[in-house]
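Asks: Following this message is one structure expressed as structure tokens.
Derivation of every value follows stated rules applied to the coordinates shown; laboratory data play no part. Note that the coordinates shown come from a computational prediction; the quantities given were computed from them, not determined experimentally. Counting neighbours? That spans all protein chains shown, and the Cβs are built from the backbone with ideal geometry, glycine included.
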Amino acid sequence: MKYIIKIMSLLLLTSSLISCENEEVLISDFNGKEPFPIIEPGTTEASQLAYDLYKDYDLHTYINLEGEEALKTEYGSINFTSFPLVKAEEERAVVVLKLIHEMYDLFSDYRELAVYRRLILVGNDFLSTTTRNYDKYGFNRDFNTYNIQGTQIVSNINNTFDFNLLLTKEMLLYTYFSGYFQYHFQLPEAFINVSAGNYRFERSRAGEPALFSSAQYDEELATDIGFVHPYGTLAILFNPYTDWTSYVVWIISRPKSERDEWLTTKPNIKAKYDIVIETMQDEFGMDLEAFSTAWQSVGL
């Protein structure tokens, strides 16, 4: 027994020494790939903020890519035709990059939840009807994710779209959490069952209109069923990760006083809220309400 303990102690000591030796080495941990293009110390405030994110959090952030160049990764090119990709504007990019750093600081103990490592900030001269509909109902703007390339594209980083701090912060939380919940998390059945039958493809099979489309969002019906964000209604039953993600983001991004309106009048929302709060605490040690309080103080 003493021999086994000595061996284990030696292994722990060796691991600790290796960690110390590698502490100063800046190496990407996303699939063993280095940033593409390479990220160097900046010559502007925005480019230096992007470099700081790489140095501090291995987040490969780009603000000066556009068109086809923005779609090239070390894994090949992304097939993306939603809207023209134009360079992010420096002034808006600085604001967003500062918020991203604040977000990564806040969740620094939960880096395993940040699956995506490549973040491209772009302008957007084309506002889709979906984006306008999100905005109409007071929800986050567009972002797109690509699992194979580990890439996320965040649009509207320019002054053609009115800046909204709350919605921008909400959108960034989606970029942090969405990948993990889609690919690495098993949702509780009790959560899925609350709104089962009302996710987009289920309603389509039953001949019922989707709760959310590019043309409309039936918020009163959706909240009665248990949805807190139009994004959540798009999920399919066997893995409604968008619904779960929408709850995590909703709790963190919105003040409790605002959320209480639905929590006290919508039983299905309260039921799902309780499951999310308990599960995130039990499985990740995350107190979402405490994070919500901290996130409210993050600003410009």
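Asks: Take every DSSP beta bridge whose two residues both sit in the chain, then give the antiparallel share in percent to the nearest 5.
Replies: In the chain, approximately 55 percent of DSSP beta bridges are antiparallel ones.
Asks: Relative contact order (percent) for the chain, with alpha-carbon contacts under 8 angstrom and 6 or more residues of separation?
Replies: Taking the mean separation of contacting Cα pairs over the length of the chain, I get 13 percent.
Asks: Still on this structure, I have one more. What order do you get for W250, W295, W262 when you list them from fewest to most C-beta neighbours inside 10 Å?
Replies: If I rank by nearby Cβ atoms, fewest first, I get W262, W295, W250.
Asks: Could you list L113, L288, L166, L119 in order of exposure, starting from the residue whose Cβ has the fewest other Cβ atoms within 10 Å?
Replies: Listing L113, L288, L166, L119 from fewest to most nearby Cβ atoms yields L166, L113, L288, L119.
Asks: Okay, next question. Between A93, A70, A206, which gets the highest mean-square fluctuation from a Gaussian network model of the chain, Cα cutoff 10 Å?
Replies: A206
Asks: Also: Roughly how many debye, to the nearest 20, is the charge dipole of the chain about its Cα centre, given +1 on each Lys and Arg Cβ, -1 on each Asp and Glu Cβ, and no other charges?
Replies: 560 debye
Asks: If I stretch the segment between E208 and E45 completely, what's the gain in nm (0.36 nm per residue apart, minus their alpha carbon distance), one decimal?
Replies: Computed gain between E208 and E45 is 53.7 nm.
Asks: If you split all Cα-Cα distances of the chain into 20 Å bins from zero, what percentages do you get per bin, shortest first?
Replies: 31, 55, 13, 1
Asks: So which residue, out of Q48, Q149, Q281, gets the largest mean-square fluctuation from a GNM of the chain using Cα contacts under 10 Å as springs?
Replies: Top of the fluctuation ranking is Q281.
Asks: Please work out the FRET efficiency for the pair S297 and S77, using the Cβ-Cβ distance as r and a Förster radius of 35 Å; give the result to the nearest 0.05.
Replies: 0.30
Asks: So, one more: Less than 15 Å Cβ to Cβ from W250, Lys/Arg counted +1 and Asp/Glu -1: what total charge do the surrounding residues give?
Replies: -1
Asks: Which order results if L263, L53, L121 are arranged by neighbouring Cβ count within 10 Å, fewest first?
Replies: Going from least to most buried by this count: L263, L53, L121.
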